[in-house]
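Q: Before anything else, here's the structure in question.
The values are calculated or read from the model by the stated rules, or taken from the named source; none is laboratory data. Keep in mind it's a predicted model, so treat the numbers as computed, not measured. Note: ideal-geometry Cβ built from the backbone for every residue, glycine included; neighbour counts use all protein chains shown. Accessible surface areas use protein heavy atoms only, side chains included; no ligands, DNA or RNA. Shrake-Rupley method; radii C 1.70, N 1.55, O 1.52, S 1.80 Å.
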There are 2 protein chains.
Amino acid sequence: MLVYFIHKEIRLYERETWSALAEPNRLQIVELLRDGALTVDEIAKRLGLRQPQVSKHLRALSDSGLVEVHPSANRRIYKLLPQPYLELNDWIHSFQTIWEGRLERLDDYLCDFSKKNNS
Amino acid sequence: MLVYFIHKEIRLYERETWSALAEPNRLQIVELLRDGALTVDEIAKRLGLRQPQVSKHLRALSDSGLVEVHPSANRRIYKLLPQPYLELNDWIHSFQTIWEGRLERLDDYLCDFSKKNNS
DNA sequence: AGGGAATATTCCTGTCAAGGAATATTAGGG
DNA sequence: CCCTAATATTCCTTGACAGGAATATTCCCT
């Protein structure tokens with residue numbers, strides 16, 4: 001249970017995850033894939049994007065380990081991989097003390113380092 | 001309790017959150033602030049960054065609603081805001097079916113739309 | 001008021017990534 | 001084996017953004 005608070009232990013997982021999701025179209029793709037695997041064309045159609053850009057975004061998502069592809073005949077079917085979301089979940093939980101408002105009063109701490117700072 | 005699974009309802013919160021955290025130095029700043037509020041100089045010192053860049057990053061984080069500043073004399077003390085982490089947590093949980101492997105078998109679904117696609 | 005510390009801002013430059021358009025690749029079907 | 005659909009890749013241009021350096025600002029203190 002205490003595991004969430006030992007945030008020193010939390011893996012500094014692939015930073016790429018963040019930049020991969022920072023691109024709005026890629027985030028949309030990911031949210032689309034949440035409901036199930038899709039082909040490139042299908043994604044392009046639903047999001048109103050052109051096929052090459054979708055391919056490129058999927059490439060980025062794939063490189064960051066966010067999605068997985070498995071070919072089926074002519075098509076390539078993309079689906080989400082669970083790993084990054086697990087890691088994200090861990091990371092977010094390392095902030096639990098923040099969102100639970102348990103670090104509200106830090107003024108003592110601040111006085112501390114401001115004294116140490118007067119070197 | 002079911003709230004985590006109704007991902008249609010989840011707010012498409014500020015997309016800025018992602019790009020704000022995509023910058024490695026900003027992510028480090030956030031992870032640093034997890035342990036408590038800090039001044040600009042303190043952050044700069046600990047991360048080995050120059051003060052102006054830290055100020056700029058804090059500006060970005062502030063604009064995205066990730067951090068909050070309250071002045072104290074000469075200094076400005078930055079601390080994390082809980083809101084974005086709550087939202088991120090919700091978002092991540094909307095992928096719970098993924099990481100729990102409950103969407104493994106989607107092949108039927110795929111056959112579905114590939115038929116529909118033959119227009 | 002003036003000086004200095006802490007912080008913010010501006011300007012500049014280089015880099016990187018996204019979209020558009022065209023083209024290459026791959027795989028099935030006749 | 002060619003044709004076509006589905007997908008990937010390349011080249012190009014453009015915009016956003018990060019860092020460096022210098023400067024502006026803010027605020028306390030005497």
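Q: How far apart, in nanometres, would the label points at B:S55 and A:S55 be if each is projected 7 angstrom from Cα along the Cα-to-Cβ direction?
A: Reported label-point gap for B:S55 and A:S55 is 4.7 nm.
Q: Chain A: which residue's Cβ hugs the A-to-B rotation axis most tightly, distance rounded to whole Å?
A: Whole-Å result, nearest residue of chain A to the axis: A:A22, 2.
Q: For A:L86, go 7 angstrom from Cα along the Cα-to-Cβ vector, then report the distances to that same point in the other copies in nm, smallest first.
A: Once sorted, the set of distances for A:L86 reads 2.9 nm.
Q: Between copies, how far does the label point of B:Q53 sit from its twins, in nm, shortest first, when each point is 7 Å from Cα along Cα→Cβ?
A: Label-point separations across copies, in nm and ascending: 3.2.
Q: I would also like to ask the following. Read phi for every residue in the range A:50-56 and hand back ³J(HN,Hα) as whole Hz from Karplus 6.51 cos²θ - 1.76 cosθ + 1.60, θ = phi - 60°, with x for Gly and Pro.
A: 8, 4, x, 5, 5, 4, 5
Q: Taking the Cα centre of each part, how many Å lie between the range B:20-51 and the range A:50-87?
A: Taking the Cα centre of the range A:50-87 as reference, the centre of the range B:20-51 is 32 Å away.
Q: Any idea of the total accessible area buried by the B-A contact, 1.4 Å probe, rounded to 100 Å²?
A: 4500
Q: Once amide H atoms are placed 1.01 Å from N in the peptide plane, what residues at a sequence separation of 5 or more from A:R76, or on another chain, have their amide H within under 5 Å of its amide H?
A: Residues meeting the criterion, in which the H sits 1.01 Å from N, are A:V40.
Q: Next question, about the same structure. If R₀ is 45 angstrom, what is the calculated FRET efficiency for the pair A:E100 and A:R76, using the beta carbon separation as r and rounding to 0.05?
A: Plugging the Cβ-Cβ distance into 1/(1 + (r/R0)^6) gives 0.55.
Q: Right, another one. How much of B:K45 can a 1.4 Å solvent probe reach, expressed as accessible area in Å² and rounded to 10?
A: 130
Q: Which ³J(HN,Hα) values, rounded to whole Hz and listed in residue order, are derived for the range A:24-33 from phi using the Karplus coefficients 6.51, -1.76 and 1.60 in 6.51 cos²θ - 1.76 cosθ + 1.60 with θ = phi - 60°, glycine and proline given as x?
A: x, 5, 5, 4, 5, 4, 4, 5, 5, 5
Q: Per residue of the range B:85-97, in order, report the coupling 6.51 cos²θ - 1.76 cosθ + 1.60 (Karplus, θ = phi - 60°) as ³J(HN,Hα) in whole Hz, putting x for Gly and Pro.
A: 3J(HN,Hα) across the range B:85-97, in whole Hz: 6, 5, 5, 4, 4, 4, 4, 4, 5, 5, 9, 4, 4.
Q: On to the next question. Under 5 Å between amide H atoms, partner at least 5 residues away or on a different chain: which partners does A:D35 have, H built in plane at 1.01 Å?
A: Here nothing satisfies the definition.
Q: OK, next. If you put a point 7 Å past Cα along the Cβ direction, how far is that point for B:R34 from the same point in each other copy, in nm, smallest first?
A: Result for B:R34, in nm, nearest copy first: 2.3.
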